[in-house]
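Every read-out reported here was derived from the displayed coordinates using simple, explicitly stated rules and does not represent laboratory data. Computed from a prediction, not measured in an experiment: that's the story for all the values here. Every residue, glycine among them, receives a Cβ derived from its backbone with ideal geometry; neighbour counts consider all protein chains shown.
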Amino acid sequence: MGCKMDKTMKKRAINSLYCLEFNLQKKSIIWWFAVLAVLLIIEIAFYPLMNMMIGVIPDDVYNDFTDAGISFSFDSVTEYFLLQGVEVLALGGALFLCCFVASLLTRDFKGGQSELLYTNALNRNDIIMTKYANALTMTVLFNVVMLVVELLMMCIVDIKGIVFVPLITLFLYCLILHLILVSLVFGIYLLKVKSGFGIAIAIPLLLYFVTIIALSISHNDALKFIEFLTPFTLLYEITIESPFKVNWYSFAIYVVVVLAVLGFGYKKFKKRDL
């Protein structure tokens, strides 16, 4: 009877901790969701204006842009979003989610809260896994909400231009990207839990900067390896014609890196003096 009671109390404690993490960050979550949703709405709202602007560009200027590999012509709102909406969705979401993860772990070490949290009935493994579950839940929730916002806005702007397969593919790959970055940051903060928010902001920005470099030199075969250094590049390979033609090597590389970082971080955190 006592054993069953202990298990019940432990389960309740884990559920309480799980809900508590969201309640503690409720205001910041609402603000992040609102800001990124508004940015997505504005991004899609510019689609009709972009097409109008293309119509007034002189033919010779337009041809010069085309010869230089710069395309402003979008046959549908889907094609437009595949090229223009990735920054807000992928980078903006990554910054929010990584900061959310950082807050999950760093907040407990302010004002001696760790002494209370990590010395109660829940062991460190329970607490770590609960916080990691918080991070994964928020990652999935963010991508689902942004997908709904984007589809609703597209229905208003150009419902006939919606092509579901590449859009769902984009959000699926974006979800995988965010899960990788969230797990990577979580593992790093387990290794050095009092790091503040610097690492959480630096990692997505650094990887996105590498993506810009990789895209700008994509014509150079000798430097092709740079695209494998960042998982962001996969999101730019999705097209309406080939929504599943994606190079998975960078994802595979990062999965191995993430598992290693999580493993080392978990072991070090369990031995840490709190």
Q. Which ³J(HN,Hα) values in Hz, rounded to whole numbers, follow from the phi angles of the stretch 91-106 under the Karplus curve 6.51 cos²θ - 1.76 cosθ + 1.60, where θ = phi - 60° and Gly and Pro get x?
A. 6, x, x, 5, 4, 4, 5, 5, 5, 4, 4, 4, 5, 4, 9, 6
(Q) Output needed for the stretch 121-212: three equivalent-ellipsoid semi-axes, defined as square roots of 5 times the C-alpha gyration tensor eigenvalues, in descending order, whole Å. (A) 32, 17, 10
Q) Once the Cβ-Cβ distance between residue 209 and residue 267 is put in as r, and R0 is 30 Å, what FRET efficiency do you end up with, to the nearest 0.05? A) 0.45
(Q) How far apart, in nanometres, would the label points at residue 217 and residue 50 be if each is projected 7 angstrom from Cα along the Cα-to-Cβ direction? (A) 2.8 nm
**Q.** residue 163 long-range amide H proximity, modeled H, under 5 Å
**A.** 78
Q. Can you give the FRET efficiency for residue 152 and residue 39, using 1/(1 + (r/R0)^6), R0 = 22 Å, r = Cβ-Cβ distance, to the nearest 0.05?
A. 0.90
Q.
With θ taken as phi - 60° and the coefficients 6.51, -1.76 and 1.60, list the Karplus ³J(HN,Hα) couplings across the stretch 173-185 in order, rounded to whole Hz; mark glycine and proline as x.
A. 5, 5, 4, 4, 4, 5, 4, 5, 5, 4, 5, 4, 5
Q: Starting from the Cα of residue 224, step 7 Å along the direction of its Cβ; do the same at residue 22; then give the gap between the two resulting points in nm.
A: 4.5 nm
Q.
Longer than 21 Å from Cα to Cα, which of 224/245; 26/192; 7/192 are they? Say none if no pair is.
A. 26/192; 7/192
**Q.** Contour excess over end-to-end distance, with Cα ends at residue 11 and residue 165 and 0.36 nm allotted per residue
**A.** 51.5 nm
